[in-house]
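Asker: Dropping the structure in here first, questions after.
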Amino acid sequence: MSDLLAKLYPDHLRTLQQRADTALARGGFDHLLVAAGTPRYQFLDDRPYPFAINPHFKHWLPLTKTPGSWLVHTPGRRPKVIYLQPRDYWHVVPEAPAGYWVEHCDIVIVREPAEALAHLPKDFARCAILGEDNAGVGELRPNNPEAVLAYLHYHRAYKTDHELAMMRVASKLGARAHRAAEAAFRAGESEYGIHMAYLGAVHETESELPYSNIIALNQHGAVLHYTDLNRAPPTHAQSFLIDAGANFHGYASDITRTYAGADADEFQALIDAVDGAQRSFVEKVRKGQDYAALHVHAHHVLALVLRDQDFIRMTPESAVESGVSGVFFPHGLGHMIGLQVHDVGGFQKDESGGTILKPPGHPYLRLTRKLEPRMVTTIEPGIYFIDMLLAELKAKAQAKDINWDKVDRFRRYGGIRIEDDVVCTDTAPENLTRDAFASI
Ligand code: GLY
Ligand code: MN
Ligand code: MN
């Protein structure tokens, strides 16, 4: 793997250098400074929160645990890495720079955060400095210029071959751990037990994962971001929804699967229908596809599923128009993914900024751009039985067109979500997730 990454890295770096050159020109700056970041501490405590590196930093370098380091790009020069390796016997300090990236960068080792100043450009006013507010050193403070960020965030959606290779690995790690989690579910484990099986298989600590695992048995599947982990198994596990990913050198996978327990054939039938719908949406991840339109299309298809399985007794059109489809599918179809699980730039109109508005009535959609080759998005439709939303529906005129007997019976299963990470290409979409499952 690292041979492949080593081969792809020079092109990746060239792409980032070209983007940075243009971003600097647009903002009127001479240098791009990227702070890795500084750990944050809990209130009145000496415990740091898990360190999350600046995504702009890990875009350039496959490093995620190097607080206090800097990347400097000056047009026409090699990238300069100011690498903090503190003298510290309390914590593990980053190892000496190693790996395929090292030969492409000029590296300076510093022992104190403030020493970086001597190696950074002197005229801060000429620098675009990207980082969190606490990432400054001495007089130097991140300024995060809007024009620079807008350009970089817009183009970040287009993954290089190096990035796609990283994301294929992140998907494989996640898929392997999903298999272990499914086996733990079949063996009757609790949510906590399944979670531990997942961690054991993914070989990552919780804070290394790209997001907190959602491991939900029975009705818990109806809580969209359920992150409690019950220690005791339920007496009868009828359904299992798992939304869990993996991290590879700072790149995320984001994968959801839903399983029916033994004796839950009616739930399996609905899973199969959502799975079929999901695959048909993945097929539409093609050049020029308007993602917001795909999201609305998904509402129509899922409403048809609900009607075919006799949950609702109305046309898909009226279900979508009246908001009934949104009761059962109350989140967005998906989002950009890469350096962050919910990556930036999902609404951006063009490389200068601007916003492509969400369709009215769809407040939770996170992506409204047209899809283009090299973009990676999730496709994650779902159907849920959420008490709060069903109670609201019950008070509306459309309540008469709902088969409440069936809907009420399905509350015990919580819900279904099926989520894959998909690359838009010039031809057929590349499904990172299903390819990963197929490869194990
Ligand atoms: N795991 C969060 C999401 O699917 O967006
Ligand atoms: Mn997702
Ligand atoms: Mn997810």
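Asker: Of everything in the stretch 199-256, what is of a type in the set (S, T, N, Q) and within 16 Å of ligand 2 (Cβ to nearest atom)? Give them in sequence order.
Answerer: So the first thing to find is which residues in the stretch 199-256 are of a type in the set (S, T, N, Q), and the list is 205, 207, 212-213, 218-219, 227, 230, 235, 238-239, 247, 253, 256.
Answer for the stretch 199-256, where residues must be of a type in the set (S, T, N, Q) and within 16 Å of ligand 2 (Cβ to nearest atom): Ser212, Asn213, Thr227, Asn247, Ser253, Thr256.
Asker: Sticking with this one: Can Tyr198 be described as within 14 Å of ligand 1 (Cβ to nearest atom), of a type in the set (Phe, Trp, Tyr) and crowded, with 18+ Cβ neighbours inside 10 Å? Even if it seems obvious, please write down each step before you answer.
Answerer: Values: within 14 Å of ligand 1 (Cβ to nearest atom): yes; of a type in the set (Phe, Trp, Tyr): yes; crowded, with 18+ Cβ neighbours inside 10 Å: yes.
Yes.
Asker: Further, regarding this structure: On the given criteria, is Val301 over 27 Å from the mean Cα position of the chain (by Cα), farther than 30 Å from Thr64 by Cβ and either within 16 Å of ligand 3 (Cβ to nearest atom) or at pLDDT 95 or above (or both)? Can you show your working first?
Answerer: On the way: over 27 Å from the mean Cα position of the chain (by Cα): no; farther than 30 Å from Thr64 by Cβ: yes; either within 16 Å of ligand 3 (Cβ to nearest atom) or at pLDDT 95 or above (or both): yes.
Spelling it out, it is not the case that Val301 is over 27 Å from the mean Cα position of the chain (by Cα), farther than 30 Å from Thr64 by Cβ and either within 16 Å of ligand 3 (Cβ to nearest atom) or at pLDDT 95 or above (or both).
Asker: So, of the residues in the stretch 202-246 that are away from ligand 1 (no atom under 13 Å from the Cβ) and under 28 Å from Trp101 (Cα atoms), which turns out to be surrounded by the most Cβ atoms within 10 Å (Cβ to Cβ)?
Answerer: Of everything passing the filter in the stretch 202-246, Val202 is surrounded by the most Cβ atoms within 10 Å (Cβ to Cβ).
Asker: How about the stretch 186-297: which strands (runs of 3 or more DSSP E) wholly inside it have at least 3 residues that are of a type in the set (A, V, I, L, M)?
Answerer: Details: elements: 214-217, 239-244, 255-260.
Correct list: 214-217, 239-244.
Asker: Does any residue of the stretch 143-158 turn out to be surrounded by fewer than 16 Cβ atoms within 10 Å (Cβ to Cβ) and either modelled with pLDDT under 95 or of a type in the set (S, T, N, Q) (or both)? Talk me through it step by step, then tell me what you get.
Answerer: In the first step, residues of the stretch 143-158 are kept if they are surrounded by fewer than 16 Cβ atoms within 10 Å (Cβ to Cβ); the result is 144, 146.
Filter again for either modelled with pLDDT under 95 or of a type in the set (S, T, N, Q) (or both), leaving 144.
Within the stretch 143-158, one or more residues are surrounded by fewer than 16 Cβ atoms within 10 Å (Cβ to Cβ) and either modelled with pLDDT under 95 or of a type in the set (S, T, N, Q) (or both).
Asker: Could you please give the count of residues in the stretch 105-114 that are surrounded by fewer than 17 Cβ atoms within 10 Å (Cβ to Cβ) and either at positive phi or outside any strand (DSSP E or B) (or both)?
Answerer: 3
Asker: Output yes when any residue across the stretch 407-427 is under 30 Å from Ala157 (Cα atoms), polar (S, T, N, Q) and either within 16 Å of ligand 1 (Cβ to nearest atom) or exposed (fewer than 13 other Cβ atoms within 10 Å of the Cβ) (or both), and no when none is.
Answerer: The first filter runs over the stretch 407-427 and keeps only residues under 30 Å from Ala157 (Cα atoms), leaving 416-427.
This time we only want the ones that are polar (S, T, N, Q), so: 425, 427.
Now restrict to residues that are either within 16 Å of ligand 1 (Cβ to nearest atom) or exposed (fewer than 13 other Cβ atoms within 10 Å of the Cβ) (or both): 427.
Scanning the stretch 407-427, I find at least one residue that is under 30 Å from Ala157 (Cα atoms), polar (S, T, N, Q) and either within 16 Å of ligand 1 (Cβ to nearest atom) or exposed (fewer than 13 other Cβ atoms within 10 Å of the Cβ) (or both), so the answer is yes.
Asker: Follow-up. Looking at the stretch 246-261, is at least one residue away from ligand 3 (no atom under 12 Å from the Cβ), in contact (Cβ under 8 Å) with a residue 40 or more places away in the chain and touching a Phe, Trp or Tyr at 6+ places or on another chain (Cβ under 6 Å)?
Answerer: yes
Asker: Consider Gln219 against the criteria (1) within 15 Å of ligand 3 (Cβ to nearest atom); (2) of a type in the set (S, T, N, Q); (3) within 20 Å of His195 (Cβ to Cβ): it satisfies all of them except one. Which criterion is unmet?
Answerer: Condition (1) is where Gln219 drops out.
Asker: Now, a different point. Can Gly346 be described as away from ligand 1 (no atom under 16 Å from the Cβ), of a type in the set (Gly, Ala, Ser) and in a loop (DSSP other than H, G, I, E, B)? Give the steps one after another, and end with the answer.
Answerer: Numbers: away from ligand 1 (no atom under 16 Å from the Cβ): no; of a type in the set (Gly, Ala, Ser): yes; in a loop (DSSP other than H, G, I, E, B): yes.
Criteria not met by Gly346.
Asker: Here's another thing I want to ask about it. Please pick out the residue among Ala183, Ala165, Ala175 that is in a helix (DSSP H, G or I) and surrounded by fewer than 19 Cβ atoms within 10 Å (Cβ to Cβ).
Answerer: Values: Ala165 fails: surrounded by fewer than 19 Cβ atoms within 10 Å (Cβ to Cβ); Ala175 fails: surrounded by fewer than 19 Cβ atoms within 10 Å (Cβ to Cβ).
The match here is Ala183.
Asker: Mind listing just one residue for me: the one in the stretch 404-436 that is polar (S, T, N, Q) and more than 16 Å from ligand 2 (Cβ to nearest atom) and, of those, nearest to the chain's Cα centre (by Cα)?
Answerer: For the stretch 404-436, the residue satisfying everything is Thr425.
Asker: Under 8 Å between Cβ atoms, which residue pairs at least 6 apart in sequence (or on different chains) link something in the stretch 353-381 that is farther than 21 Å from Ala277 by Cβ and within 14 Å of ligand 3 (Cβ to nearest atom) with a partner that is at pLDDT below 95 and basic (Lys, Arg)?
Answerer: Filtered contacts from the stretch 353-381: no entries.
Asker: State which residue pairs qualify: first residue touching a residue at least 60 places away in the same chain (Cβ under 8 Å) and inside the stretch 91-105, second residue of a type in the set (Gly, Ala, Ser) and part of a helix (DSSP H, G or I) in any location, beta carbons under 6 Å apart, and separation of 6 or more residues or different chains.
Answerer: Sorted first by the residue in the stretch 91-105, then by its partner, the pairs are Tyr100/Ala6.
The values are calculated or read from the model by the stated rules, or taken from the named source; none is laboratory data. Everything numeric in this text was worked out from a predicted model, so none of it was measured. Quick reminder, even Gly has a Cβ in these numbers, built from the backbone with ideal geometry, and neighbours come from all protein chains shown.
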